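First the structure, in the form of structure tokens, and then the observations on it.
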Number of protein chains: 2
Amino acid sequence: MNGAESLIRTLLANDIDVCFANPGTSEMHLVAALDRISAMRPILCLFEGVVTGAADGYARMARKPACTLLHLGPGLGNGIANLHNAKKAHSPVVNIVGDHATYHLKLDAPLASDIALLASHVSGFVRTASAQTLSVDAADTIAASLSSAGQVATLIVPANVAWGDGPDPASRVTPPPRPTVISSAVARCTEALRSGKPAALLMSGEALTDEGLEIAGRIAAKTGCRLICDTFNSRISRGGGRVKVERLPYFAEQAIDTLTGLATLITVGTKSPVAFFAYPDKPSSLLPEGTIHLSLSAPHEDTLGALATLSDELCANVPLPADLVTRHQLPSGRLDAMSVGQALAALMPEDAIISDEGGTLGGPSWGLTANSPAHDWLFLTGGSIGQGLPVATGAAIACPDRKVICIHGDGGAMYTLQALWTQSRERLDVVTIVLSNRKYAVLQVEFSRVGAGKPGPRALDMLSLSNPELNWVDLARGMGVEASRAQTADEFVDQLRSAIAGRGPRLIEAIIV
Amino acid sequence: MNGAESLIRTLLANDIDVCFANPGTSEMHLVAALDRISAMRPILCLFEGVVTGAADGYARMARKPACTLLHLGPGLGNGIANLHNAKKAHSPVVNIVGDHATYHLKLDAPLASDIALLASHVSGFVRTASAQTLSVDAADTIAASLSSAGQVATLIVPANVAWGDGPDPASRVTPPPRPTVISSAVARCTEALRSGKPAALLMSGEALTDEGLEIAGRIAAKTGCRLICDTFNSRISRGGGRVKVERLPYFAEQAIDTLTGLATLITVGTKSPVAFFAYPDKPSSLLPEGTIHLSLSAPHEDTLGALATLSDELCANVPLPADLVTRHQLPSGRLDAMSVGQALAALMPEDAIISDEGGTLGGPSWGLTANSPAHDWLFLTGGSIGQGLPVATGAAIACPDRKVICIHGDGGAMYTLQALWTQSRERLDVVTIVLSNRKYAVLQVEFSRVGAGKPGPRALDMLSLSNPELNWVDLARGMGVEASRAQTADEFVDQLRSAIAGRGPRLIEAIIV
């Protein structure tokens, strides 16, 4: 058994059986091993940002890692942005990067570079495999990906380690359990919630699972505290009568307004909130003056355990009635962010997965679907646009029986549009809604917010995508995805209904200008 | 004057007046400064790999740097692959990356990351600007970009440094001159060339300019030595009767065959040749056994000066007759790599610039155009595919009066296809020829060469782009570029003739299956 086979068998022993890949010459022995080992499912992507974003989306929905297969430093470079998003999502990713044969590296061939340095930018763990220890190196990488709330763990595999004799595959690794929250932290939160003063739980991570929301809902029912989630979360279970949470607004002043008046903000699976960007003369911390911050659990700690203990302490263990599921009325007339949201809230099927990179136009879709049938909502976690299409792709691989709906701004979608090809190739059941306003709309807003005044013609031109207009129907068809364009709410409703009724990838370009 | 303006005025004082940009919120003050300073030309790109590749192409043709404008760590991440290619091309690039305000960084906002670490992967120089020293920081960055034969120099600009008060702009910097080659190196080369034993100059960098080729041609005429260029060069001046050079083949065994029999290989502006990849049981050095390697000049040294001295020593200063310019006959019938090359050799206009990422199908285009009218040929220097379209874009900005022809494999073109939008927006005179064989053809070749045997159906599927077929006509039109498809040599000739006769971006999808 060569190293490539030893590596793949170690991955399979750890239930990692999906590999998002864009390989090159130095990874050919790993590709060859796929001929012999059919249990590993390779998913070819035509750009590495699709590889890494898909691995992120897969991990969010499968709640286990996929592996990647990337070609040398530049291939990893192309994957960095969505690994950044995966890191901020705490997604476990086993990030496999091929390298030159060890003896070849010192010659400084054209593709040589310091891969370990590059990987360290986004990885909680980096290891270069050696021939003797490859399977142990792989097992350590897998364990690391599952540690610390989930992280990107990079294994660099030199070509001669892949083609040389491999060690026996490693067996299943057991990642360390999440650290239990110390009782004094729970006690402080209990006291604050019992005080009768205004309090809120600011939640992310495990707190936004079915189980976490259920416990948080009971705590809120018992104590009157508010439930708020971070602005951008890896995944939130939602709809179908589940406990509802407010979402912290994106803009700093609105976020501070939302929190103002709270005596205590208790963070659960997250940290004290900070502004996405700094603005001149505005605070970067979102904690209002006079509000005390208490941490129930950090992202890497046992949030579900901490919530359960808190609930016990508060005697909050009373079942909650499920909330109602309602359907929004179908919109008509003008097509805008609101009517897109209304159509989605009217038509979203049971168990949908939403990959949301809607940017400035995504808000109503989130807001109007709170009472929709059960669904999961995946956000842009690290702020690096171009995540939505790849995450939708990975989520569809993880959950082939669920409809995935990707809501995407047109500017962001251009970074990783190659994901559509993989959706077509794998016949994934993804409906992509491109919200086409033909500008970097958020930047037109941010321009004045950072104190740069009103953009003049040259600056405005730099924030505009209208010269030339992108045609998303052509772009999608160019990659084998059926597509249509909607210019009214009625057209959008018809196209969305048809896309949801069908199977396989579809793209709807919603013209919102 | 704020920092943003101070920075831009320092760039302009150094004759850097083109900025390839994909900015975000943290760079809005730099965008705002463009309203006030019209001498800086901003070129919007919809993906950072286009930004950095275009800066590379611009530098190769303008022989001076452009600057980039990238958004935080992930924006730089997306630009890494083509910065890697720029680094290997020794292209001067002033790589400007925005960062969070300095006081905001410690809060670990979603987009925060260690930009300096990431930049160090591809940069010969990295500096984080401070408010007091911004213009000096910028001047140092510019000087660094022009040092060491040209390199990527990164300036990180925190948002508050851009929006705060800026220092006076710096004036023009003088980069250090290239080190002169020591006379003993010239003497050793002189002796070897005088010996009468078989010798060759292996050339790259400045040796492949008009002036370098002219001197090398005289040396060859005098001594009988062969003239060979590296496989992948930043730029080679060619055609129009210029001195011809052989090109070192890509595959190691063919390269060694090419060099076998030489007593001496003299490297000029490059280093001893190494294989692109390692292969089991094959040498990584391409220097044949028994061939002695002498270095006339390293890439960072004064190659033109060394060549002139060598020529003087050899008394080779005799003018050369110019070679003939000939036109190939137009091809007909089957469309393949050969007929594409024949059509190009028949129709290539005077002063064309070729951006070549033709991969396995590009060879004949290179080979058949040696006697064409004068042109410059730009290669994929660092092996990271997805360079060709951006480099063509930057070259067209640098040389608006010259026709740019980009020859691109379909697999590689998918990495940075967003370049087509910028070509349309800027009405660039670029003809893109996508060689569409619907596979990663080089990997199908490399598979067996690395000893992985014959690819089985699963491995072959991973190297195939036929499911679904990409439609480059749709993709181009989706970004506002006029496009057509050729399936025969006759169709290709008609389309290429029309594209060359016209102005503005055009794409021809050459179906070669």
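The values are calculated or read from the model by the stated rules, or taken from the named source; none is laboratory data. Given the structure is predicted, the values throughout are model-derived calculations rather than measurements. Backbone-built Cβ (ideal geometry, glycine too); neighbour counts: all protein chains shown.
Filter region A:356-384 down to residues that are hydrophobic (A, V, I, L, M, F, W, C) and within 14 Å of chain B (Cβ to nearest Cβ) and give me whichever is nearest to A:Met61 (Cα to Cα).
Selected residue: A:Phe379.
Here is a yes/no grid of residues against (1) in contact (Cβ under 8 Å) with a residue 60 or more places away in the chain; (2) closer than 28 Å to A:Thr260 by Cβ:
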{"position": "A:Ala149", "(1), (2)": "yes, no"}
{"position": "A:Val152", "(1), (2)": "yes, no"}
{"position": "A:Asp165", "(1), (2)": "yes, no"}
{"position": "A:Ala187", "(1), (2)": "yes, yes"}
{"position": "A:Ala192", "(1), (2)": "yes, yes"}
{"position": "A:Asp210", "(1), (2)": "no, no"}
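Counting only strands (runs of 3 or more DSSP E) that sit wholly inside region A:205-291, those with at least 1 residues that are surrounded by fewer than 19 Cβ atoms within 10 Å (Cβ to Cβ) and touching a strand residue (DSSP E or B) at 6+ places or on another chain (Cβ under 7 Å) are A:226-229, A:236-238.
Evaluated against (1) at pLDDT below 95; (2) under 22 Å from the mean Cα position of the chain (by Cα), B:Gly150 falls short on exactly one condition, (1). Entry remark, region A:480-505: residues being buried (at least 23 other Cβ atoms within 10 Å of the Cβ) and not in a loop (DSSP other than H, G, I, E, B) number 5 in total.
Checked against (1) facing another protein chain (nearest Cβ under 7 Å); (2) among the aliphatic types (A, V, I, L, M); (3) out of contact with any His (no Cβ under 8 Å at 6 or more places or on another chain); (4) over 26 Å from B:Thr52 (Cβ atoms), B:Met414 meets all criteria but (4). Within region B:43-60, the set of residues being within 9 Å of chain A (Cβ to nearest Cβ) and either out of contact with any Leu (no Cβ under 9 Å at 6 or more places or on another chain) or farther than 16 Å from A:Tyr440 by Cα (or both) comprises B:Gly49 only. Here A:Asp474, A:Asp429, A:Asp461 are screened, and the one residue that is of a type in the set (Asp, Glu), within 22 Å of the chain's Cα centre (by Cα) and assigned by TED's automatic domain parsing to the domain that holds A:Glu350 is A:Asp429. Out of the residues in region A:422-459 that are at pLDDT 95 or above, part of a helix (DSSP H, G or I) and more than 7 Å from chain B (Cβ to nearest Cβ), state the one that is surrounded by the most Cβ atoms within 10 Å (Cβ to Cβ). Among residues in region A:422-459 that are at pLDDT 95 or above, part of a helix (DSSP H, G or I) and more than 7 Å from chain B (Cβ to nearest Cβ), the one surrounded by the most Cβ atoms within 10 Å (Cβ to Cβ) is A:Gln423. Could you check region A:1-102 for strands (runs of 3 or more DSSP E) lying wholly inside it with 1 or more residues that are closer than 16 Å to A:Val152 by Cβ? Strands (runs of 3 or more DSSP E) meeting the threshold: A:18-21, A:67-71, A:93-99. Would you pick out the residues in region A:1-22 that are at the interface with chain B (Cβ under 9 Å from one of its Cβ atoms) and within 15 Å of B:Gly456 (Cβ to Cβ)? Scanning region A:1-22 gives a single hit, A:Ala4. Cβ separations smaller than 8 Å between residues 6+ apart or across chains give the following pairs from region B:263-279 residues that are basic (Lys, Arg) to residues that are at pLDDT 95 or above and outside any loop (DSSP other than H, G, I, E, B): B:Lys271/B:Ser295. From the set of residues in region B:61-74 that are within 13 Å of another protein chain (Cβ to nearest Cβ) and not small (Gly, Ala, Ser), which is surrounded by the most Cβ atoms within 10 Å (Cβ to Cβ)? Checked region B:61-74; the qualifying residue surrounded by the most Cβ atoms within 10 Å (Cβ to Cβ) is B:Pro74.
Every condition in (1) in the same structural domain as A:Thr267 (by TED's automatic domain parsing); (2) modelled with pLDDT under 95 is met by A:Arg188 except one, and the failing one is (2).
When B:Val31 is tested against (1) of a type outside the set (Asp, Glu); (2) within 7 Å of chain A (Cβ to nearest Cβ); (3) touching a Gly at 6+ places or on another chain (Cβ under 8 Å), only condition (3) is not met. Criterion first (outside any strand (DSSP E or B), within 14 Å of chain B (Cβ to nearest Cβ), modelled with pLDDT of 95 or more and farther than 19 Å from A:Asp56 by Cα) does A:Val161 satisfy it? Answer is yes for this residue. If you go through region A:116-134, how many residues are under 21 Å from A:Ile16 (Cβ atoms) and crowded, with 23+ Cβ neighbours inside 10 Å? Matching residues across region A:116-134 total 5. The set of residues from region A:292-310 being part of a loop (DSSP other than H, G, I, E, B) and either under 13 Å from B:His104 (Cβ atoms) or of a type in the set (A, V, I, L, M, F, W, C) (or both) comprises just one member, A:Ala298. The selection criterion, being within 16 Å of A:Thr10 (Cα to Cα) and touching a residue at least 12 places away in the same chain (Cβ under 8 Å), holds for A:Ile156. Sort out which residues of region A:75-105 are farther than 20 Å from A:Ala32 by Cα, facing another protein chain (nearest Cβ under 9 Å) and touching a Gly at 6+ places or on another chain (Cβ under 7 Å), and write them in order of number. Hits for region A:75-105 are A:Gly77, A:Asn78, A:Gly79, A:Ile80, A:Ala81, A:Asn82, A:His84, A:Asn85, A:Lys87, A:Lys88. Region A:363-419 holds helices (runs of 4 or more DSSP H) entirely within its bounds, and those carrying 3 or more residues that are in contact (Cβ under 8 Å) with a residue 60 or more places away in the chain map to A:388-398.
Name the single residue that is surrounded by the most Cβ atoms within 10 Å (Cβ to Cβ) among those in region A:322-339 being within 21 Å of A:Arg238 (Cα to Cα) and of a type in the set (Gly, Ala, Ser). Here the residue is A:Ser339. Taking region A:5-56 as the search range and keeping residues that are buried (at least 24 other Cβ atoms within 10 Å of the Cβ) and among the acidic types (Asp, Glu), which one is nearest to A:Pro92 (Cα to Cα)? Looking at residues that are buried (at least 24 other Cβ atoms within 10 Å of the Cβ) and among the acidic types (Asp, Glu), I get A:Asp56.
Note on region A:106-142: residues that are more than 12 Å from chain B (Cβ to nearest Cβ), within 29 Å of B:Phe251 (Cβ to Cβ) and touching a Leu at 6+ places or on another chain (Cβ under 7 Å) total 2. Among the residues here, A:Ala396 does not qualify as surrounded by fewer than 23 Cβ atoms within 10 Å (Cβ to Cβ), more than 10 Å from chain B (Cβ to nearest Cβ) and among the aliphatic types (A, V, I, L, M).
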